[in-house]
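What follows is a single structure, written as structure tokens, with notes after it.
Nothing in this text is a laboratory measurement; each read-out follows from the coordinates by a stated rule. All values reported here derive from a predicted model rather than from experimental measurement. So basically every Cβ, Gly included, is an ideal-geometry build from the backbone, and we count neighbours across all protein chains shown.
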Amino acid sequence: MKTYSDQLDKILTEYLVKKAPILPKSVKNFLVSVAPYFALLGAILGIPALLAVFGLGAVMNPFAFVAGARTGIFWLYWLTGGVQVVLSALAIKPLFARRAHGWRLMYYSQLLSVILLVRGLSLGSLVMTILSFYILYQVKASYGAKK
């Protein structure tokens, strides 16, 4: 698993750091300074969102079965969303300390969103995912190597 992650990291570094336009240092510093607050906001707002998806799945399940629809996808959203909320919450302290571990947790959280992107095939989600990875990789050098 580690080798796949390392290979993907090299590919993303190539395209999102070396070949993509570089953000100005002032923008990078601003993004690094607000990143922990965005992680905190994501963790706080993610909990009610998960409860909404869980509730919607519970309400729709009996009716969807009668109509022939499959509602198992709600569990995929609930599971990946739950892991993303936990990763965001765990990343807050390391992001404040500007440690590489915090960046890595946000990276894994973003990788999970790719699962939902593949399932949903939404153009808006694709653009937001690419933008999120671009920002993540532009600020990667700002986080120290300490675990």
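Tell me, in nm to one decimal, what length is gained between residue 86 and residue 110 on full extension, where the rule is 0.36 nm per residue of separation less the Cα-Cα distance? Kindly include the intermediate steps, with their values, before the conclusion.
On the way: separation 24, 0.36 × 24 = 8.64 nm, distance 1.25 nm.
So the chain would gain 7.4 nm between residue 86 and residue 110.
Using the beta-carbon distance between residue 118 and residue 7 and R0 = 22 Å, what value does 1/(1 + (r/R0)^6) give for FRET efficiency, to the nearest 0.05?
Details: r = 18 Å, r/R0 = 0.84.
Between residue 118 and residue 7 the formula returns 0.75.
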